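Single-structure report; data block below.
The values are calculated or read from the model by the stated rules, or taken from the named source; none is laboratory data. Values in this document were obtained by computation on a predicted structure and should not be read as measured data. Positions of Cβ are backbone-derived with ideal geometry, glycine not excepted, and every protein chain shown enters the neighbour counts. To get the accessible areas, we keep the full protein, side chains included, count just its heavy atoms, and leave off ligands, DNA and RNA. Shrake-Rupley method; radii C 1.70, N 1.55, O 1.52, S 1.80 Å.
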Amino acid sequence: KRPPASVLFIFGGSGDLNYRKLSPALYNLFLDDWMPEQFAIVGIGRSPYTNEAYSEHLLDGIKKFSRRKGEQNGHWTDFSQHVSFLQMDAENVDSYEAIADIVKGREQEWGKHPNVIFYLAVAPQLVPAIATKLGKLNLCSDTHSTRIVIEKPFGHDLQSAHELNALLGRMFSEEQIFRIDHYLGKETVQNLLALRFANALFEPVWNRNFIEYIQITAAESVGLEGRGGYYERSGALRDMVQNHILQLLCMVAMEAPVSFDANEIRNKKVDVLNAIRPISRDKVHDYAVRGQYAGGWKKGERVLGYREEKGVTPGSNTETYAAVKFYIDNWRWQGVPIYVRTGKFLNQKTTQINLQFRQAPHYAFPSESAETWRPNRMTISIQPEMDIRIRFQAKRPGQTMTLDPVEMVFNYDTAYGEHAPEAYETLLLDVMEGDATLFMRADQVEAAWKVIMPILEAWENRVPQDFPNYAPDSWGPNDADALIAQDGHSWINLS
Ligand code: BG6
């Protein structure tokens with residue numbers, strides 16, 4: 001079923017996010033017949049685009065970044081009829097009347113009141129001003145059909161996130177606010193719920209009795225990609241851990257929901273965040289490691305070190321790598337370490353969750369074969385590979401009782417063969433449908449900030465002595481290996 005008639009206003013309409021992600025996503029929804037029968041997309045920005053030039057610009061982005069680059073043909077002409085550009089100064093409150101006029105125009109043309117969606121794909125410092133001006137429009141008091149979508153970063157720390165929530169809360173009700181974390185839209189991330197809660201097989205062993213530790217890796221092989229100005233103020237902990245990685249952790253660690261209701265699922269997730277053991281500031285070095293990449297060689301190419309990148313101060317202490325050990329103090333996870341890590345310019349792009357099971361209690365086989373005896377492990381590859389692997393022991397065929405670790409694999413390509421929708425497709429459709437299940441609630445965002453605040457504060461107060469401390473194309477700083485080695489474990493890397 002298609003969503004109801006919708007007008008989407010995209011602030012930052014001439015910006016990068018819209019060019020690379022939002023427009024391709026909306027266009028793919030259109031190709032798949034998921035867009036409403038009646039819809040309008042209005043890009044908002046300062047640049048002087050005509051409607052034609054604007055839609056050309058978007059088409060260019062689609063040709064470069066859409067998962068279905070080859071499928072423009074006649075469909076683009078149909079789609080572009082729905083696209084227009086509104087040049088306006090978002091700082092000027094009077095210009096917002098133009099927005100109300102556009103909505104009125106559509107309402108008359110379509111003979112019904114449409115959903116009105118404001119997507120703020122703008123720099124975070126602009127969000128409060130735009131939201132405040134939008135809040136003055138009558139449109140926003142319609143809690144049922146007017147929605148506002150806020151991109152990350154949501155705040156810069158706990159205090160600013162709290163203030164932003166309070167500000168938004170003065171103008172919008174919580175059900176109107178859609179805080180995006182695009183990881184939650186990924187197919188493989190949504191599948192975590194199916195894997196855990198639609199099967200009887202896994203849940204009984206999904207706890208401290210059977211799982212020795214968990215690892216979550218979100219490794220990136222790319223560097224800053226021209227975002228030095230933003231990243232320099234952010235760093236890996238804010239950019240990836242506070243949001244994407246903690247959300248993955250919630251999906252892996254949450255209790256079973258009673259129903260597939262937005263608040264029920266978000267309640268269960270926030271319970272995990274609230275149960276994460278606070279790290280005391282003077283103990284941060286036992287739980288967290290930071291890194292910054294040096295210049296060097298990456299896949300045969302010479303690359304700049306972080307401190308030489310555009311938008312970065314030469315003596316910068318911003319981390320481009322972070323690894324943290326968390327514990328969740330609840331009945332299910334007591335004592336199970338959860339190691340997470342992320343970084344730029346690492347050896348591979350891979351997002352993976354590994355659950356390492358405890359060793360079987362007794363080995364009854366000939367002792368020669370014990371060398372290859374490995375504990376069970378479940379590896380959930382989120383991207384770019386999309387699969388789930390379960391490692392177990394098998395008997396190697398032959399006359400001796402020799403055991404090998406082997407894998408059972410579920411792979412998306414072989415099982416389904418078709419391209420999965422991109423995260424932004426799923427999330428934009430959810431916004432049009434008014435389904436907030438995959439979006440962050442105010443308390444979730446704040447709980448996530450609370451978890452990382454001690455680390456942020458400790459790092460801000462202590463200048464790292466060893467930056468830069470990892471080479472491009474590596475797996476990060478040596479200290480990250482030491483962090484996990486102190487518990488007798490090691491990071492699970494793709495070879
Ligand atoms: C964004 C971060 O939220 O996620 C980027 O700001 C990062 O720095 C990106 O590169 C990673 O997303 P994905 O979907 O490519 O893993």
Each label sits 7 Å from Cα toward the beta-carbon; between H144 and W297 the label points are separated, in nm, by 6.6 nm
How much FRET efficiency would the formula 1/(1 + (r/R0)^6) give for R374 and Q486, where r is the Cβ-Cβ distance and R0 is 25 Å, rounded to 0.05?
0.70
Calculated from DSSP helices alone, with each H run of at least 4 adding -39500 (n - 2.57) and the total divided by the residues of the chain, [θ]222 nm to the nearest 500 comes to -9500 deg cm²/dmol
Too long at a 28 Å Cα-Cα cut-off: which of K69/K186; K64/K186; K104/K152; K64/K298; K186/K450; K21/K325?
K104/K152; K21/K325
Rounded to whole angstrom, the alpha-carbon centroid of the range 199-238 lies from that of the range 13-77 at a distance of 30 Å
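Solvent-accessible area per residue for the chain at a 1.4 Å probe radius, Å²? Could you put the intermediate results ahead of the total?
Values: 21920 Å² over 495 residues.
That works out to 44 Å² for each residue.
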For a quick check of your reading of the filter: which chymotrypsin sites (Phe, Trp or Tyr not before Pro) in the range 100-207 sit in a DSSP loop and have no more than 16 other Cβ atoms within 10 Å?
F202
Provide the net charge surrounding Q352, with neighbours chosen by a C-beta distance below 13 Å and charges set as Lys +1, Arg +1, Asp -1, Glu -1.
+2
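Work through the residues other than L427 whose Cβ is under 14 Å from its Cβ and net out their charges, Lys, Arg +1 and Asp, Glu -1.
For residues surrounding L427, the net value is -3.
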DSSP beta bridge pairing in the chain, given as percent antiparallel to the nearest 5
55 percent
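What ranking do 87-97, 471-481, 415-425 get when scored by the average of other Cβ atoms within 10 Å per residue, highest first?
Details: 87-97: 13.8, 471-481: 20.3, 415-425: 15.6.
Packing proxy ranking, top to bottom: 471-481, 415-425, 87-97.
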Of all the accessible heavy-atom surface of the chain, with the other protein chains kept in place and a 1.4 Å probe, what percent is carbon and sulfur?
51 percent
Given a Förster distance of 22 angstrom, what is the FRET efficiency for D16 paired with T313, based on the Cβ-Cβ distance and rounded to 0.05?
0.45
The answer for the net charge of residues other than Y339 whose Cβ lies under 12 angstrom from its Cβ, with Lys and Arg +1 and Asp and Glu -1, is -1
Stretch gain in nm, segment D404-H162, where the contour uses 0.36 nm per residue and the Cα spacing is subtracted
81.9 nm
